[in-house]
Amino acid sequence: MRTYVVAGGTTGMGKGLALHFLHRGDQVTVVGSDPAKGRRFLDDATALGAESRAAFIQADLTSVAANRRVIEEVEARHDALDGLVLTAMRHFPQRVETPDGFEGTFALYYVSRLLLGHGLTGLLEKGENPMIVNVCGVGVTKGRIHWDDLSLRQGYGSVKAMLQGGRATDLLGVAYAANHPDGRTRYLLHHPGFTDSGTDSLKQPAKAIIKLLAKVVGQPVGKSIQPIIELMDDPPPGRGLLAYDRRTPVPASAPTLDPGNARRLYEQTRHLLSP
């Protein structure tokens with residue numbers, strides 16, 4: 001029996017992966033902000049006969065304190081982890097600033113994943129074949145890091161924020177691998193392609209547009225998670241970073257995986273890793 005934590009595991013691909021793990025006999029803790037969705041996940045686990053292997057932690061992952069609490073709760077529950085899956089995403093049509101001073105998208109896409117990945121590394125290193133899976137937009141080249149305005153106080157746009165968040169998660173994976181050169185934990189950046197994973201976080205008219213596009217060109221969750229499952233169960237040999245656009249490797253030389261930029265972003269945010 002393997003043990004997994006899925007951040008953003010009450011909806012979409014996160015929930016799909018969590019239920020897959022439960023179905024094959026593994027132990028899963030999911031993290032999400034909505035208690036009702038958490039209860040539905042636990043009901044689904046019960047229907048699978050896996051209620052004793054499923055747990056839900058309610059947390060708003062845009063909060064630094066909430067991420068630290070999640071780490072503490074996971075450490076209290078488990079002696080080791082085999083995988084950490086990072087899928088939490090949310091659309092912010094208007095600029096939201098968190099109590100920690102971050103723009104909401106950046107807090108969820110980057111800060112939360114920085115904290116959870118580094119914070120749970122101790123447990124992951126005790127796992128059998130540990131991996132961090134960061135579901136993101138690796139391979140996409142649009143968007144950039146706004147180095148002088150990470151919180152986008154000047155000229156906010158929701159697409160601008162999502163693209164910056166995507167580029168930040170790319171660099172997060174590069175920095176993690178560089179900071180753990182001798183670690184056993186692999187770091188997978190995975191772009192699943194356009195997936196019909198729900199529109200709960202969207203407002204109209206974006207909700208209607210995305211819902212229509214999902215029906216026309218979106219992949220079902222079950223199809224999108226298959227390459228991730230394959231890479232987690234049978235990763236290529238080696239250590240460090242893996243980057244895939246569906247089943248196609250993204251080369252380490254890609255401009256969005258620049259080691260210098262990865263180090264720069266890590267240095268600007270590493271203080272968050274201190275208690």
Requested in this report: Would you be able to say whether some residue in the stretch 28-47 is of a type outside the set (D, E, K, R), within 15 Å of the chain's Cα centre (by Cα) and in a helix (DSSP H, G or I)?
Outcome: no
Report task. Report whether or not Pro99 is assigned to a loop (DSSP other than H, G, I, E, B), free of Cβ contacts under 8 Å to residues at least 40 places away in the same chain and on the phi < 0 side of the Ramachandran plot. Result -> yes
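To keep it simple, each residue is scored yes or no on (1) assigned to a strand (DSSP E or B); (2) among the aromatic types (Phe, Trp, Tyr).
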site: Val85; (1), (2): yes, no
site: Phe92; (1), (2): no, yes
site: Ser112; (1), (2): no, no
site: Gly127; (1), (2): no, no
site: Asn134; (1), (2): yes, no
site: Thr141; (1), (2): no, no
site: Asp149; (1), (2): no, no
Report summary line: Scanning the stretch 230-275 residue by residue, the ones that are crowded, with 19+ Cβ neighbours inside 10 Å, within 19 Å of Thr185 (Cα to Cα) and touching a Lys or Arg at 6+ places or on another chain (Cβ under 7 Å) total 1
Query raised in the report: Does the stretch 169-176 contain any residue that is farther than 13 Å from Phe92 by Cβ and in contact with a His (Cβ under 8 Å, 6 or more places away or on another chain)?
Result: yes
Report summary line: Over the stretch 1-27, the set of residues on the phi > 0 side of the Ramachandran plot, under 19 Å from the mean Cα position of the chain (by Cα) and outside any helix (DSSP H, G or I) is Gly8
Requested in this report: Return yes or no: is Leu124 touching a residue at least 40 places away in the same chain (Cβ under 8 Å) and under 19 Å from Leu272 (Cα atoms)?
Outcome: no
Query raised in the report: Any residue at all in the stretch 50-61 that is out of contact with any strand residue (DSSP E or B) (no Cβ under 8 Å at 6 or more places or on another chain) and either of a type in the set (S, T, N, Q) or at pLDDT below 95 (or both)?
Result: yes
Requested in this report: State yes or no: is Gly222 surrounded by fewer than 17 Cβ atoms within 10 Å (Cβ to Cβ), outside any loop (DSSP other than H, G, I, E, B) and either of a type outside the set (A, V, I, L, M, F, W, C) or modelled with pLDDT under 95 (or both)?
Outcome: yes
Report summary line: Taking first residues from the stretch 64-90 that are closer than 22 Å to Phe102 by Cβ and among the polar types (S, T, N, Q) and second residues anywhere that are modelled with pLDDT of 95 or more and assigned to a loop (DSSP other than H, G, I, E, B), the pairs with Cβ under 8 Å that are 6 or more apart or on different chains are Asn67/Ala59; Asn67/Leu61; Thr87/Gly8; Thr87/Gly9
Report summary line: Matching residues in the stretch 20-40 (crowded, with 24+ Cβ neighbours inside 10 Å and either among the β-branched types (Val, Ile, Thr) or in contact with a helix residue (DSSP H, G or I) (Cβ under 6 Å, 6 or more places away or on another chain) (or both)) number 4
Query raised in the report: Which one of Thr141, Thr105 is out of contact with any Pro (no Cβ under 6 Å at 6 or more places or on another chain), surrounded by fewer than 17 Cβ atoms within 10 Å (Cβ to Cβ), among the β-branched types (Val, Ile, Thr) and farther than 27 Å from Arg2 by Cα?
Result: Thr141
**Report entry** Test: Ala54 is in contact (Cβ under 8 Å) with a residue 12 or more places away in the chain, touching a Ser or Thr at 6+ places or on another chain (Cβ under 9 Å) and either surrounded by fewer than 22 Cβ atoms within 10 Å (Cβ to Cβ) or within 26 Å of Glu97 (Cβ to Cβ) (or both)
**Finding:** no
Report task. Please list, ordered by first then second residue, the pairs with beta carbon atoms under 9 Å, 6 or more apart or interchain, first in the stretch 253-275 and under 24 Å from Ile71 (Cβ atoms) and polar (S, T, N, Q), second surrounded by fewer than 16 Cβ atoms within 10 Å (Cβ to Cβ) and modelled with pLDDT of 95 or more. Result -> Gln268/Trp147
Query raised in the report: Within the stretch 3-17, is even one residue at pLDDT 95 or above, among the basic types (Lys, Arg) and closer than 28 Å to Gly101 by Cβ?
Result: no
Query raised in the report: Quick one: is Val30 within 18 Å of Ser224 (Cβ to Cβ), without any contact (Cβ under 8 Å) to a residue 40 or more places away in the chain, in contact with a strand residue (DSSP E or B) (Cβ under 8 Å, 6 or more places away or on another chain) and not charged (D, E, K, R)?
Result: yes
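The values are calculated or read from the model by the stated rules, or taken from the named source; none is laboratory data. All of these numbers come straight from a predicted model, not from anything done at the bench. All Cβ positions, even for glycine, are placed from backbone atoms using ideal geometry, and neighbour counts span all protein chains on display.
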